[in-house]
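Below is one structure; the comments refer to it alone.
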Amino acid sequence: MGLPGTHRMTRSGEYAAVRTKGTARSGRLMTLAFLADESPGAIRFGFTITKRVGNAVHRNKLRRRLREIARHTAPSIQRAGRLVTIPRPIASEATFAEIQSEWQYLVRKLGLLPPAP
RNA sequence: CGUGGAUCCGAAACGACCGCUUGGUGUGGGCAACUGCACUGAGAGGAAAGUCCGAACACCACACGGCAGCGUGCCGUAUGUUAAAUGCGGGCAGCGCGGGCGUAAGCCAGCGUUGACGGAAAGUGUCGCAGAAAAUAUACCACCGGGGAACCACCGCAAGGCGGCGACCCGGCCAGGGUGAAAAGGCGAGGUAAAAGCUCACCGCCCGGACCGCAAGGAACGGGGCAGGAAAAACCCCACGCGGUGCAAGACAUAACAGGGGAAACGGGCCGCCGGUCCGGCCUCUGCAAGCGGCGCAAGUCGCGGGCAGGGAUGACUCCGGGUAUUAGUCGCACCUGGCGCAAGCCGGGAGCCGGGUCGCAAGGCCCGGCUAGAGGAAUGGUCGUUGAUCCGCUGGCAACAGCGGGGGACAAAAUUCGGCUUACGAAGAUCCGCAAAUC
RNA sequence: GGUUCCAUAGUUCAACGGAUAGAACGAGGGUUUCCUAAACUCUAGAUCUGGGUUCGAUUCCCGGUGGAGCUA
């Protein structure tokens, strides 16, 4: 899994709820969707990597990079909820720094982090 | 030297920081499930891929009979506990190369290469177009022989005669007919009115076959005028093999009725169908028996009842593309109150490798010990730095190459395990072999 | 993971192993109309890919690619 258990999303119902009820922000490389939880708790992350991205090796690589970014950013996010990341196929060709900066930019647009100084 | 093929090796290296899954030990929390911390070990491939074969293993009733269906298909041998498969050797057939013999048809040996390589004289069906004809060899054109209307020429006064051409009829009849992927033995001679294996020589072919070979098969010799085109990756026939389903198989958590008979109307399973059979249910009988009640001081006896069903609170889980309504199942804890059941939990350790012992001449057999990835919205990683196989650009140089800059490894990731097959794949290296040679 | 199946014009479907691979809708051009629609007419356009069997392959066989269904 790559993330502590409290930060995981494991059921397809959760993904569906976030995509239909949550608010989404799109960038050049990916789309982020967020759904706030009523009760307090930790932020939970999910990743949807479609087969259009490539074969299993490329999908694994991309998911691990996104997971690593989320792992480093998670302590800064105070709100409870569920956040789904859906990258576009071109994201597999981007560098780690490009993915990281866009992901954090989209997270700020969703109001989960204070604006960049 | 170049180039091609096969097999093997190999799958960039090192470091720092931050993480994930999991085994063990210690320790803390919790009733438990579980969870925190510390230390220590393990953590993708040669194809993990495609899912094309096979095996292990598991369950279904240890696996019944027939039909259907599916698979395999030259021979020997080795490896593979068996299988799938692979290696080696051989046979036959096709193609290519050059050579020898022969007037030629053709034959002979050699080298290379290819072959899903049982059967087309068991049966059914197919062979478009073209062509006279496409599988029963018939009709047609043309040819040859006989008869011969009409017409023409000649002779004759005429009747008529003779000759030519010849519709048509009878017979010969497959040698010729520019087609086609394929045309029904070839070639030479004889033969004939013209022809034809009609006859003969040679060659080919078919049948039998001494003998050789483990076998596939080869073959001296003898016989036969020659039938029998192709395709079975068309149906099919023959031989051999196959019970079904796949880890989403399944197992676990003491026990919680047993046996006989009947009916043949029900359900399920063994295989897709039929037969046959098994299990369950139904009816009935016998035995045992929880519980309740009556009688009895008691042992006991009589009757009812009945052999697994019902309800509730809370938390979580299973399931779900979305919505509404409703419901089911499971787990832990607390309940009557245990069990059953269970998709949650847990197991799924099988097979392989290494070492030792022992038996054996050996190949190898047996025993013991150790090692072994176990994830599951799916771990095995992320970032940075150094080095750099190779590549790109620029400059210099005839060239090898040198300098500077850039980029930085191919294909592709376990999902029960193992053996094969197929497909994908960067660089370097190792071994063997071919692109021939020799003889007649 | 396992298992079953499919692939033909832009789309939906045809085609005993033998035409120039056919039809409908769609597309483009033309006729008609003041213009459009409708109608009529013409045209273009395809066998997923690589081998094999066969005289000949969309069809039969074997690899590959892509896609779909079933299975808790």
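Nothing in this text is a laboratory measurement; each read-out follows from the coordinates by a stated rule. Values in this document were obtained by computation on a predicted structure and should not be read as measured data. Using ideal geometry, Cβ is built from the backbone for each residue, glycine included, and neighbour counts are taken over all protein chains shown.
In table form, for the structure just shown:
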{"read-out": "Long-range HN-HN contacts of residue A:43 with modeled amide H, under 5 Å", "value": "A:81"}
{"read-out": "At R0 = 35 Å, FRET efficiency that the Cβ-Cβ distance of residue A:51 and residue A:79 yields, to 0.05", "value": "0.65"}
